[in-house]
Amino acid sequence: DDLMSFVQKVQQGLNTDFDPEDTEQLIAAMTYIRDVRRRTDAIDHMWEPLRGTVALLRKYGISVPEATTELIESAPQKWENAKKATVNAREALGPLQALQAEKIKDEVDDFAERVDGFVRAFHDEAPFAFES
């Protein structure tokens, strides 16, 4: 259930139109992409052991709820769809990331200019200047 809620959250977060001005949305989407990348290896390798567990339980006469069986059968496809959504989102977010990087660079340049102006003003009007 935790995995399915994660997959649903990822798909909802990534299957939207991204606003170039919305940095919060960009950060959230990048976070989903990172989370999927982090969990990919573990999740990709868990399907066969789960199927094997269900088969073993059935072999020894232990019933497995139909909902569980359906979930195990449908979950890999949903996971693959979530991974595809991250690839598509990564492609869509590339230009937006570049745009945000450019904005940050401009803000840093503006800040550096203000600091330089402050330093010049401080040296010109230094409070510790000795006047004779």
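Just the number, please: Stokes-Einstein D of the chain in µm²/s, Kirkwood Rh from C-alpha pairs, 10 °C, 1.306 mPa s. Taking Rh from Cα pairs, D becomes 83 µm²/s. Using a cutoff of 8 angstrom between alpha carbon atoms and counting only pairs six or more residues apart, the relative contact order for the chain works out to 35 percent. For a modelled paramagnetic label at Glu80, 7 Å from Cα along Cα-to-Cβ, the residues of region 14-44 in reach, with backbone nitrogen under 14 Å, are 44.
Taking only alpha carbon atoms, region 33-99 gives an Rg to Rh ratio of 1.20, where Rh is the Kirkwood radius.
3J(HN,Hα) along region 46-53: 9, 5, 5, x, 5, 4, x, 5 Hz, from the Karplus curve 6.51 cos²θ - 1.76 cosθ + 1.60 with θ = phi - 60°, whole Hz, x for Gly and Pro. Once the Cα atoms are used to define both axes, helix 2-14 deviates from the longest principal axis of the chain by about 50 degrees.
For region 58-100, with all protein chains in place and a probe radius of 1.4 Å, 56% of the accessible heavy-atom surface sits on carbon or sulfur.
Dipole orientation for region 1-116: of the candidates Val108, Pro49, Ala82, Pro49 has the Cα lying most toward the positive pole (charges on Cβ; Lys, Arg +1; Asp, Glu -1). Between Glu66 and Ala112, the modelled labels are 6.7 nm apart [label points 7 Å from Cα along Cα→Cβ]. So what's the angle, to the nearest 10 degrees on a 0 to 90 scale, between helix 66-124 and the longest Cα principal axis of the chain? Tilt relative to the chain: about 0 degrees. Computed about the Cα centre, the dipole magnitude for region 23-132 is approximately 1120 debye when only Lys and Arg (+1) and Asp and Glu (-1) carry charge, each at its Cβ. Site-free segments of the chain were taken between GluC sites (Glu not before Pro) in DSSP loops having at most 12 other Cβ atoms within 10 Å, sites themselves excluded; the longest one is 22-124.
In square angstrom, what is the accessible area per residue of the chain with a 1.4 angstrom probe?
About 74 Å² of surface per residue is accessible.
In the chain, the longest principal axis of the Cα atoms and the axis of helix 23-44 are about 40 degrees apart. FRET efficiency for the Gln97 to Arg38 pair, using the beta carbon distance and R₀ = 25 Å, is estimated at 0.85.
The values are calculated or read from the model by the stated rules, or taken from the named source; none is laboratory data. Predicted model, so just to flag it, every value in this text is computed and none were measured. A quick note on method: Cβ atoms are made from the backbone with ideal geometry, for glycine too, and the neighbour counts reach across all protein chains shown. Accessible surface is based on the protein model in full, side chains and every heavy atom, while ligands, DNA and RNA are left aside. Shrake-Rupley method; radii C 1.70, N 1.55, O 1.52, S 1.80 Å.
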